[in-house]
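This report concerns only the one structure given below.
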Amino acid sequence: QVQLVESGGGLVQAGGSLRLSCAASGSIFSFNVMSWYRQAPGKQRERVATIAAGGRINVADSVKGRFTISRDTAKNTMYLQMNSLKPEDTAVYYCRAVDGLGNYWGQGTQVTVSS
């Protein structure tokens, strides 16, 4: 059973930075796609950024230029570097991975940006 564990969330002032990590229980080479999602209170979960197995990256317009997705295959970990944070970035952030057998979610990590 694949397990994903997020970390790195917290409270930060507007304009600050955080780096989220998503550690996988196994090799991330098996994943076709890994993504970061977020869900703010009362809102639908939205995709923030995606990195495919071949390295192709997609980033939501709302965070483009501020957030960077990356991965370290040696550490089986995906990252989300978040800079110039805004109060509207406040949400629970989740990582998701997809392989040939299904898709997997982490438990989420809270990010709160104060104004």
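Legend: P(r) of region 18-58 from all alpha carbon pair distances, 5 Å bins from 0, whole percents, reading 5, 19, 23, 25, 17, 7, 3.
Electrostatic bookkeeping for S21 treats Lys and Arg as +1 and Asp and Glu as -1; over the other residues with beta carbon under 12 Å from its beta carbon, the sum is +1.
Residues whose amide H falls under 5 Å from that of G16, counting only those 5 or more places apart or on a different chain, are L85, with hydrogens built in the peptide plane. Between R71 and Y79, the built amide H atoms are under 5 Å apart, and every one of these is 5 or more places off in sequence or on another chain. Here the chain has 47 percent of its accessible surface on carbon and sulfur atoms, given a 1.4 Å probe and all protein chains in place. Solvent exposure of the chain amounts to 53 Å² per residue of accessible area, where only protein heavy atoms count and the probe is 1.4 Å. Size of region 63-115 from its Cα atoms: along the principal axes, largest to smallest, the extents are 41, 21, 18 Å. Each principal axis of the chain carries a Cα extent, and these read 41, 25, 23 Å when sorted largest first.
The values are calculated or read from the model by the stated rules, or taken from the named source; none is laboratory data. Bear in mind the structure is a predicted one, so any value in this text is a computation, not a measurement. In this analysis, Cβ positions are derived from the backbone assuming ideal geometry, glycine residues included, and neighbour counts consider all displayed protein chains. To get the accessible areas, we keep the full protein, side chains included, count just its heavy atoms, and leave off ligands, DNA and RNA. Shrake-Rupley method; radii C 1.70, N 1.55, O 1.52, S 1.80 Å.
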